[in-house]
1. How large is ³J(HN,Hα), in whole Hz, for each residue of the range 66-71 in order, when computed from phi with the Karplus curve 6.51 cos²θ - 1.76 cosθ + 1.60 and θ = phi - 60°, using x for Gly and Pro?
2. Do the alpha carbons of any pairs in 53/210; 88/210; 31/306; 47/88 sit beyond 29 Å of each other, and which pairs?
3. What are the ³J(HN,Hα) values, in whole Hz, obtained from phi via the Karplus relation 6.51 cos²θ - 1.76 cosθ + 1.60 with θ = phi - 60°, for each residue of the range 184-198 in sequence order, with x given for Gly and Pro?
4. Going by the alpha-carbon gyration tensor, a ≥ b ≥ c the square roots of its eigenvalues, is the range 19-96 rounded (a/c under 1.5) or, if a/c is not under 1.5, prolate (a/b greater than b/c) versus oblate?
Amino acid sequence: MKRVIGRKSSMTPSIPLTQVEKEDAQAEIFKHLERIFSAGSSIDALKIFYAAKDGIESSTQTIRELRLTQKRYYTNLKRLIDVGLIEKVDGKYAHTTLGKIAYQLIETLKGALDQKDKLDLIDRLLKAKSLTMEETEEIMRAILKDTDIVPGERLTDILGPVKMADTWEKVVDDVVEYVNQATESIYFATQYADLRAIEAVLRAGQRGVKLNFISNGKDLVTRGLKLFSKIALTHPQYFKVLFDILNSSDLRVRYTNVPYTFIVIDRKIAMVEVVKPSSKKFLASFFFHNPRLAEKLIESFEELYKEGYEIKSLIAKLIGKTNA
């Protein structure tokens, strides 16, 4: 059986990666990170990258505003494009999804550098063995008072957990884990149909979690329902579960063109897929415990949802055929 590395078809049985394959996948990601750091290693490149946040419509004007020569401008712009941080869309240079994530990380790092002396003090504080965790947190709050780094908010952005999944199997593992923990809402925009993810989402719906779902076209819906039918062969009660969810006001579902896969859980945990710039195949996914990023992704979800088409009736029809 052929092993699929990277963007794995949900119809392909899961095959555990060997240690060598895991190391190769990690090495590939490190190489890509090296190219990204190299492309952004000059002040010129950083100026151009920041100028592209709101889109560069006129290179001539940007060259003049940044006081760059044409050669310096286009050389650095090409490097940023080649590593997938910037792309040209509708005649305008703008951040890609990877670029938007990089921008947020740079902004967080800038905030940390502004408070470097206080963060150094926190590092020394965390090494103190004579203080309890409660005492340490109280002192940290006092140190960071009146700064942009507030424990429970910006401190979470800097010191909070960020998980990276460098194989699709690991992505599914983490998505299922977080979906199983959901208590309030799930916003899920996906290009894939995965059996385990479908089961986890159905369980979340049973718990009363509000489901907001966008799939990448009718074909994906059909593939997902074929996978669902496999579950129903051994667990027929899932048909009733899906019908109940379809008739619930807690479900919003449409299909449209989904540019990349992302999920937001309880408005605080966010997963974003990063694809290879050349092939658009899966490269890695990042999981953030970051309410600010979660809200921005929900805004993106709502924009996609407005452009989408209703599919509740389509699903109900297909399920009826499957059940028959």
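Read-outs: derived from the displayed coordinates by stated rules, not from any lab. From a predicted model like this one, the values you see are computed outputs, not experimental measurements.
1. 8, 6, 10, 7, 4, 4
2. Violating the 29 Å Cα-Cα cut-off are 53/210; 88/210; 31/306.
3. 10, 8, 9, 10, 10, 10, 9, 9, 10, 10, 10, 4, 5, 5, 4
4. prolate
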